[in-house]
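Each remark here refers to the structure printed beneath this line.
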Amino acid sequence: MKLSGSDIIIRTLIEQGVDVVFGYPGGQVINIYDSLYKYRDELKHVLTAHEQGASHAADGYARATGKVGVVIATSGPGATNLVTGIATAYIDSVPMVAITGNVPTTVIGTDGFQEIDITGVTLPITKHNYFVGSIRDLADTIREAFRLAKSGRPGPVLIDVPKDVQIAIGEFTPQASPVPPDPAAPAKDIRIRQAAGCINSAQKPFIYFGGGLITSQAQDELLQMAEIIDAPIGCSMMGISGIPTDYPRFLGMQGMHGHYACSMAMHHADVIIAMGARFNDRVTGDRTKFALDARIVHIDIDGAELGKTVSPLHGLRGDVKKTLQKLIPLLKSTRHPAWQAEIARLQEEEAAGLDSREGMTPRNVISLLNGYLGENTPVATDVGQHQMWAAQYLNLKASRRFISSGGLGTMGFGMGAAMGAAMGTGERTVLVTGDGSFGMNLNELATAVANLVPLVILLLNNGVLGMVRQWQTLFFQKHYSNTTLTDRGTDFVKLAHAFGAQASRALTLEELKEALDAAFAAKGPYLIDCAIDKDEFVLPMLPPGGSMDDIIVKIGG
Amino acid sequence: MMKFTVAILVNNQFGVLNRVTSMFRRRQFNITSLTVSETESEAFSRITVQSEGDEVKKEQLINQLYKLPDVCSIAELDTADTVNRELLLIKVKNAPQTRGDIHSAYDAYEGKVVDYTKDSLIIQMVGDSRKIDNFIDLMRDFEILEICRTGLVSLQRGEATIRRVTNL
């Protein structure tokens, strides 16, 4: 059938199984928005306050559902406003398709109004990108983009469509079903056998997973393996929610602000079985001192991750789930009483060192929140101290329920991401944020109100940029350079009210409980301005450039 | 530092060279030689690139290259099994007192004069990089006016072809 380019875009999105797109209109996508109007019963569009919010919403949607998130923006500033969102998705391997308009092909290259070379700009932060110069290629390019976004290690793909291609009329042949991702293969048999030999010789095995476990849906296999080889389990921040927080063998998050027992167990293991994780610097600390006694088995679908930062003895390139399915039958069932005793001792040390103060401490706040979370409640975060407290203390039951910017550490990620997660799952969603991060994209409150998004915004307000302040306290002689926000005097309750959202302030745990009661019963977004002391620390802390032997567990008396 | 050469068969589309070199730049792989050309098929271009580093660096480079959707095939070219050639054009001052020595030099290196004027001459030479380097060194005794060299072009000896790597 003959259709306009913009109709082809929307029809292809629908064909690919897209039910919601996030975006913002503009001059060079006005035709796409006309087609969105035409197909409004088949494809929902969510208008955000800013393109960055739309990109984070598409990201949050994808993280919470496993489906490809889609964002649309106009040329020039619309397109560049997506950049942080695309980069965030890229480094955390989130499947996303971004569609941008551009000036007509006759104007491309002449610095036309709102013209930007967005394929050039996004080259290093996309899996791939396309400039569609002809309507003939349009539908297949979009299909190809979806295939790439969700195949192997997922990631964002951008498609730049000049306005004349949106207007042109071309032939469209609908496809019956979405393009499937490329089949995911297990690692080579010989590698799996070698790895099994290594794992079977372990006295102090440690299983470590990242976000790749969630993508591969290999939770069952991982737990099965842990039982067979009697190993403790830890994860990177991206792995959180991959297995239930309260699983007995699970020691939590490893790394710079990871759980003490987890970091120390990994540091002292003799075999580390890592899967779907990439050993970045927040995980290893000083690479030359990282887990020196350990032989590393590293399973990842992206072969370029094997040996990129740490050298595994056995690098297994393949899908985590399918590789584990072949690996598990080769493993010897065994017990490691001495190692388990060491783990138990580490856990006791950790428990003894836990913050036991009463009142509005980060731990007490998140613990109180835990009581309100359902089995499937997504919890999104922004970036900073609140993010680490959430990562440390949240009790999550289901996979894809921790939505947080890991690799890029994008302040301002949370509002968009939480909305995307809420819309993708249909679940009331919690955003744990801070006054610094929230300030970056609080305009998205407007979107949450307009769409009556069931959002509980728990704003840990300490009046400072807490994470930077923590470093300034510890390493910069308390020179609090540009990290104090109290002089802004923002009243977040009034601010939420001005946007049409509900809000209340909590200065005590009792008030917080009342606020959470109200927030979890509210219809739309509800903001809780939760007061936290400015000198709370995130602990433990691995000092920059240090190894796990240098871990700071306590500060002051 | 160890040098290594890889040939990369890529989709013949605009922007592909940029994608490849952009990856080299952001991951800090140093390019010591780069040539791009059309191939026996219109669908593909061939990028021959020489870089430096240890075995780990080389493996990382190849793995990162394979992640680019436009990369179809990669062949590692080690010198023993490879014919490597470069083309050099070198312009030197043509003076009566040095003319004879220059002539002996390019004769010995099987070079060829492709431009001859009263004051300058251009010598063309084909060979592996070492031969080209040596000849340029030799010419430093005279007055070099300008140098242009192509960078490596390489093919595996025998029946092996880059397209067999992935059965294209």
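For region A:110-125, taking the residues that are part of a loop (DSSP other than H, G, I, E, B) and surrounded by fewer than 24 Cβ atoms within 10 Å (Cβ to Cβ), the one that is farthest from the other protein chains (Cβ to nearest Cβ) is identified as A:PHE113.
Within region A:126-136, can you find the residues that are assigned to a loop (DSSP other than H, G, I, E, B), more than 11 Å from A:ILE159 (Cβ to Cβ) and either more than 11 Å from every other protein chain (Cβ to nearest Cβ) or within 29 Å of the chain's Cα centre (by Cα) (or both)? Within region A:126-136, A:LYS127, A:SER134 meet the criteria. Residues in region A:477-530 that are among the hydrophobic types (A, V, I, L, M, F, W, C), loosely packed, with under 13 Cβ neighbours inside 10 Å and not in a helix (DSSP H, G or I): A:LEU507, A:ALA521.
In region B:80-116, the qualifying residues are those that are in contact (Cβ under 8 Å) with a residue 40 or more places away in the chain and part of a helix (DSSP H, G or I), and the one that is nearest to B:GLY158 (Cα to Cα) is B:ASP81. Of the residues in region A:143-162, none is within 13 Å of A:LEU3 (Cα to Cα), modelled with pLDDT of 95 or more and surrounded by 15 or more Cβ atoms within 10 Å (Cβ to Cβ). When the helices (runs of 4 or more DSSP H) confined to region A:271-363 are screened for residues that are in contact with a Leu (Cβ under 8 Å, 6 or more places away or on another chain), closer than 17 Å to A:ASP189 by Cα and more than 14 Å from every other protein chain (Cβ to nearest Cβ), those reaching at least 3 such residues are found at A:320-327.
Under 6 Å by Cβ, and 6 or more places apart or on different chains, what pairs join a residue from region A:297-321 that is more than 15 Å from A:VAL283 (Cα to Cα) with one that is of a type in the set (D, E, K, R) and part of a helix (DSSP H, G or I)? Note: pairs meeting the criteria are A:LEU316/A:ARG191; A:LYS321/A:GLU221. Within region B:90-125, the residues that satisfy the criterion of being buried (at least 16 other Cβ atoms within 10 Å of the Cβ), touching a Lys or Arg at 6+ places or on another chain (Cβ under 8 Å) and either within 18 Å of B:SER33 (Cα to Cα) or not hydroxyl-bearing (Ser, Thr, Tyr) (or both) are B:ASN94, B:LEU121, B:ILE122, B:ILE123, B:MET125. Residues that are in contact (Cβ under 8 Å) with a residue 24 or more places away in the chain and under 21 Å from A:VAL121 (Cβ atoms) within region A:131-144 comprise A:PHE131, A:VAL132, A:GLY133, A:ILE142, A:GLU144, listed in sequence order. Within region A:145-164, not a single residue is in contact (Cβ under 8 Å) with a residue 24 or more places away in the chain, of a type in the set (A, V, I, L, M, F, W, C), farther than 30 Å from A:GLY276 by Cα and not in a strand (DSSP E or B).
Consider only pairs whose beta carbons are under 6 Å apart and that are at least six residues apart or on different chains; among these, list those whose first residue lies in region A:467-480 and is in contact (Cβ under 8 Å) with a residue 60 or more places away in the chain and whose second residue is surrounded by 15 or more Cβ atoms within 10 Å (Cβ to Cβ) and not in a loop (DSSP other than H, G, I, E, B). Going by the 6 Å Cβ cut-off, the qualifying pairs are A:MET467/A:GLN385.
Can A:HIS56 be described as more than 14 Å from chain B (Cβ to nearest Cβ), within 21 Å of A:ARG428 (Cα to Cα), modelled with pLDDT of 95 or more and buried (at least 18 other Cβ atoms within 10 Å of the Cβ)?
yes
Evaluation of B:VAL83 against the conditions (1) in contact with a Leu (Cβ under 6 Å, 6 or more places away or on another chain); (2) surrounded by 15 or more Cβ atoms within 10 Å (Cβ to Cβ) shows that the sole unmet condition is (2).
Looking across region B:105-143, just one residue is among the polar types (S, T, N, Q) and at pLDDT below 95, and that is B:SER129.
Keeping to region A:127-140, report how many residues are buried (at least 18 other Cβ atoms within 10 Å of the Cβ) and within 23 Å of A:THR106 (Cβ to Cβ).
Number of matching residues: 7.
Against the list (1) surrounded by fewer than 24 Cβ atoms within 10 Å (Cβ to Cβ); (2) outside any helix (DSSP H, G or I); (3) in the same structural domain as A:SER333 (by TED's automatic domain parsing), the condition A:ALA184 fails is (3). Scanning region B:6-36 for residues that are under 20 Å from the mean Cα position of the chain (by Cα) and at the interface with chain A (Cβ under 9 Å from one of its Cβ atoms) yields a total of 5.
Does region A:412-421 contain at least one residue that is surrounded by fewer than 24 Cβ atoms within 10 Å (Cβ to Cβ), of a type outside the set (S, T, N, Q) and not in a helix (DSSP H, G or I)? No, there is no match, as no residue in region A:412-421 is surrounded by fewer than 24 Cβ atoms within 10 Å (Cβ to Cβ), of a type outside the set (S, T, N, Q) and not in a helix (DSSP H, G or I). Exactly one residue among A:VAL165, A:VAL121 is closer than 17 Å to A:ARG11 by Cα and among the hydrophobic types (A, V, I, L, M, F, W, C), and that residue is A:VAL165.
Among the residues making up region A:404-430, those that are in contact with a Ser or Thr (Cβ under 7 Å, 6 or more places away or on another chain) and of a type in the set (A, V, I, L, M) are A:LEU408, A:MET411, A:ALA418, A:MET419, A:ALA421, A:ALA422, A:VAL430.
Residue by residue, here is whether (1) part of a strand (DSSP E or B); (2) crowded, with 21+ Cβ neighbours inside 10 Å; (3) at pLDDT 95 or above holds:
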position: A:ILE207; (1), (2), (3): yes, yes, yes
position: A:LEU213; (1), (2), (3): no, yes, yes
position: A:LEU222; (1), (2), (3): no, yes, yes
position: A:GLU227; (1), (2), (3): no, no, yes
position: A:ALA231; (1), (2), (3): no, yes, yes
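Being under 12 Å from the mean Cα position of the chain (by Cα) and touching a residue at least 40 places away in the same chain (Cβ under 8 Å) is a condition met by no residue of region A:354-372.
The values are calculated or read from the model by the stated rules, or taken from the named source; none is laboratory data. Keep in mind that this is a model prediction, so the values were computed, not measured. A quick note on method: Cβ atoms are made from the backbone with ideal geometry, for glycine too, and the neighbour counts reach across all protein chains shown.
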